[in-house]
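Below you'll find the structure, written out as structure tokens, and then a few comments.
The values are calculated or read from the model by the stated rules, or taken from the named source; none is laboratory data. Only a predicted model underlies this, so the values are computations on that prediction, with no experimental measurement involved. Cβ coordinates were reconstructed from backbone atoms using ideal geometry, including for glycine residues, and neighbour counts include every protein chain displayed. Just so you know, the surface numbers come from the protein's heavy atoms only, side chains and all, with ligands and any DNA or RNA stripped out. Shrake-Rupley method; radii C 1.70, N 1.55, O 1.52, S 1.80 Å.
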Amino acid sequence: MACLFCQIVEKQIPAGIVHEDDRLVAFEDVSPQAPVHILIVPRKHIATGLDLTGDDRELVGEIFLVAAKLARERGIASEGYRVVLNTNAGAGQSVYHLHYHLLGGRIMRWPPG
Ligand code: DGP
């Protein structure tokens, strides 16, 4: 079976898409952990952060620019937001298609659990 997030990118599975461009798609997390919880994913399948290569430098930069744009749009930029990349099971990764969590709208504790 195809990767879950590849299916969302291809619109074979519905999701609350909030941003799309030629390289990235962002959509609402189905199980939000904060008032704003958006996943930013590359269109191309990359399993984990460990699978990024030098060719992906620009892609990773764009992810953080999209995160800032969405944070401004959702009104969480000035109060503060967090961008999280869970890599492998011990860090909490459950879907093996690279995704950055954009979280905000509540106080973020440190260190994360
Ligand atoms: P992680 O644990 O870092 O791999 O995050 C995976 C996230 O994906 C988790 O917060 C829940 C979310 N998620 C899982 N399945 C779906 C889905 O079918 N649709 C959407 N929108 N989000 C999903």
About its Cα centre, what dipole magnitude does the chain give when the only charges are +1 on Lys and Arg Cβ and -1 on Asp and Glu Cβ, stated in debye to the nearest 20? 360 debye
How much accessible area per residue does the stretch 36-113 have, counting only protein heavy atoms and a probe of 1.4 Å, in square angstrom? 56 Å²
Per residue, the convex hull enclosing the alpha carbons of the chain has a volume in Å³ of 112 Å³
With +1 at each Lys and Arg Cβ and -1 at each Asp and Glu Cβ, the charge dipole magnitude of the stretch 54-113 around its Cα centre, to the nearest 20 debye, comes out at 360 debye
In the chain, taking the dipole from +1 charges on Lys and Arg beta carbons and -1 charges on Asp and Glu beta carbons about the Cα centre, the listed residue (His45, Trp110, Leu59) farthest towards the positive end is Trp110
Not counting ligands, DNA or RNA, and with a 1.4 Å probe, what is Lys44's accessible surface area in Å² rounded to the nearest 10? 110 Å²
Between the DSSP loop rule and a limit of at most 14 other Cβ atoms within 10 Å, which GluC sites (Glu not before Pro) in the stretch 44-113 are left? Glu79
Protein chains only, probe 1.4 Å: how do Asp56, Asp51, Asp29 rank by accessible area, largest first? Asp51, Asp29, Asp56
For Ile17, tell me the accessible area in Å² from a 1.4 Å probe, rounded to the nearest 10. 60 Å²
